[in-house]
Amino acid sequence: MQSLFQQWVVAGGVAMVALVPCLILSLAFAVQGILSLRRSQMAPEDFVDRLREAANQSGVAAARAVLEEDHSRIAEIVRSVDAQLRRNPGSDSGALLRDEAESECDLLLQQNSPLALIVRIAPQLGLIGTLVGLHGAFAMHGSGSPDGKALAAAIGGALVPMVWGVVIAFISHLAHYMIQLRIAGYEQSLFPREGAAALQVLGGES
């Protein structure tokens, strides 16, 4: 009796050389993408409170110093908007904030684009592997009366790459969708809200 490894990896043939790394990359990109979008990395819950505390104790300059030391995404957005408002005091802070949040979220989407690429590639790799396997199975049993069990086993093995391709594409698509939802939430709600509160502390809100 064949082991699971033989049934679901070895039986898939040469296509598994590409599909196994593809699965590993899919899982790695999914975990990395989800972890990189944690609230603590995007907009720490105490972000505005730290700016407000520094401003109350030592003035706006101290709040800007705290802002410079923060490496979160919201801090990058606020620094950019604050700099633009200081150069052009009459600018619309809300519009600037929305533009910066959109640009930042576009960058986040680009950083997670490998998952979308895997969604497109994995099923095609699986299909190619299955076609090659089917061709080999029928070629092997093309002359004379084929052994039914051997032919069935060969066809079953040929379908393994297709199953892998579909599963990898499903995992990648689900992870990419979750990442897109989280980024959309940051763009539409969290970044504008936290950014507006921070700009108000800095005295940059128009």
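Taken together, the values in this text are just the output of simple stated rules run on the coordinates, not laboratory data. From a predicted model like this one, the values you see are computed outputs, not experimental measurements. Counting neighbours? That spans all protein chains shown, and the Cβs are built from the backbone with ideal geometry, glycine included.
Would you say Arg87 is free of Cβ contacts under 8 Å to residues at least 24 places away in the same chain, loosely packed, with under 12 Cβ neighbours inside 10 Å and either touching a helix residue (DSSP H, G or I) at 6+ places or on another chain (Cβ under 7 Å) or over 24 Å from Leu35 (Cβ atoms) (or both)? Walk me through how you get there before you give the answer.
Details: free of Cβ contacts under 8 Å to residues at least 24 places away in the same chain: yes; loosely packed, with under 12 Cβ neighbours inside 10 Å: yes; either touching a helix residue (DSSP H, G or I) at 6+ places or on another chain (Cβ under 7 Å) or over 24 Å from Leu35 (Cβ atoms) (or both): yes.
For Arg87, the condition - free of Cβ contacts under 8 Å to residues at least 24 places away in the same chain, loosely packed, with under 12 Cβ neighbours inside 10 Å and either touching a helix residue (DSSP H, G or I) at 6+ places or on another chain (Cβ under 7 Å) or over 24 Å from Leu35 (Cβ atoms) (or both) - is met.
State all residues of the range 28-37 that are surrounded by 11 or more Cβ atoms within 10 Å (Cβ to Cβ) and either part of a helix (DSSP H, G or I) or of a type outside the set (A, V, I, L, M) (or both); if no residue qualifies, say none. Full working, then the answer.
Taking the range 28-37 and keeping what is surrounded by 11 or more Cβ atoms within 10 Å (Cβ to Cβ), we get 28-34, 36-37.
Listed by number, the residues that qualify are Ala28, Phe29, Ala30, Val31, Gln32, Gly33, Ile34, Ser36.
Quick check, is Asp70 under 29 Å from the mean Cα position of the chain (by Cα) and more than 13 Å from Glu194 (Cβ to Cβ)?
Considered against the rule, which asks whether it is under 29 Å from the mean Cα position of the chain (by Cα) and more than 13 Å from Glu194 (Cβ to Cβ), Asp70 comes out as no.
Considering the range 1-27 alone, what residues qualify as being assigned to a loop (DSSP other than H, G, I, E, B) and polar (S, T, N, Q)? Even if it seems obvious, please write down each step before you answer.
In the first step, residues of the range 1-27 are kept if they are assigned to a loop (DSSP other than H, G, I, E, B); the result is 1-3, 9.
Answer for the range 1-27, where residues must be assigned to a loop (DSSP other than H, G, I, E, B) and polar (S, T, N, Q): Gln2, Ser3.
Output yes when any residue across the range 92-101 is surrounded by fewer than 14 Cβ atoms within 10 Å (Cβ to Cβ) and more than 16 Å from Val81 (Cβ to Cβ), and no when none is.
Start the filter on the range 92-101 by keeping residues that are surrounded by fewer than 14 Cβ atoms within 10 Å (Cβ to Cβ), which leaves 92, 95.
Subset that is more than 16 Å from Val81 (Cβ to Cβ): none.
There is no residue in the range 92-101 that is surrounded by fewer than 14 Cβ atoms within 10 Å (Cβ to Cβ) and more than 16 Å from Val81 (Cβ to Cβ).
Here is a yes/no grid of residues against (1) within 16 Å of Val14 (Cβ to Cβ); (2) touching a Cys at 6+ places or on another chain (Cβ under 7 Å); (3) not hydroxyl-bearing (Ser, Thr, Tyr):
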{"position": "Ala83", "(1), (2), (3)": "no, no, yes"}
{"position": "Arg87", "(1), (2), (3)": "no, no, yes"}
{"position": "Gly90", "(1), (2), (3)": "no, no, yes"}
{"position": "Ser93", "(1), (2), (3)": "no, no, no"}
{"position": "Glu100", "(1), (2), (3)": "no, no, yes"}
{"position": "Ser103", "(1), (2), (3)": "no, no, no"}
{"position": "Leu117", "(1), (2), (3)": "no, no, yes"}
{"position": "Ala139", "(1), (2), (3)": "yes, no, yes"}
{"position": "Gly156", "(1), (2), (3)": "no, no, yes"}
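Residues in the range 175-206 that are among the aliphatic types (A, V, I, L, M), surrounded by fewer than 19 Cβ atoms within 10 Å (Cβ to Cβ) and touching a residue at least 24 places away in the same chain (Cβ under 8 Å): how many?
Step one: of the range 175-206, the residues among the aliphatic types (A, V, I, L, M) are 175, 178-179, 181, 183-184, 190, 196-199, 201-202.
With surrounded by fewer than 19 Cβ atoms within 10 Å (Cβ to Cβ) added as a condition, the list becomes 178, 181, 184, 190, 196-197.
Going one step further and asking which of them are touching a residue at least 24 places away in the same chain (Cβ under 8 Å), we end up with 178, 184, 190, 196-197.
Residues in the range 175-206 being among the aliphatic types (A, V, I, L, M), surrounded by fewer than 19 Cβ atoms within 10 Å (Cβ to Cβ) and touching a residue at least 24 places away in the same chain (Cβ under 8 Å): 5 in total.
Return yes when Gly165 is surrounded by 22 or more Cβ atoms within 10 Å (Cβ to Cβ) and on the phi < 0 side of the Ramachandran plot and no when it is not.
On the way: surrounded by 22 or more Cβ atoms within 10 Å (Cβ to Cβ): yes; on the phi < 0 side of the Ramachandran plot: yes.
Yes.
Among the numbered criteria (1) within 30 Å of Ile171 (Cα to Cα); (2) not in a helix (DSSP H, G or I), which one does Gly90 miss?
Only one criterion is unmet by Gly90, namely (1).
Of all the residues that make up the range 103-117, how many are under 22 Å from Leu202 (Cβ atoms) and either of a type in the set (Ser, Thr, Tyr) or surrounded by fewer than 13 Cβ atoms within 10 Å (Cβ to Cβ) (or both)?
So the count comes out to 1.
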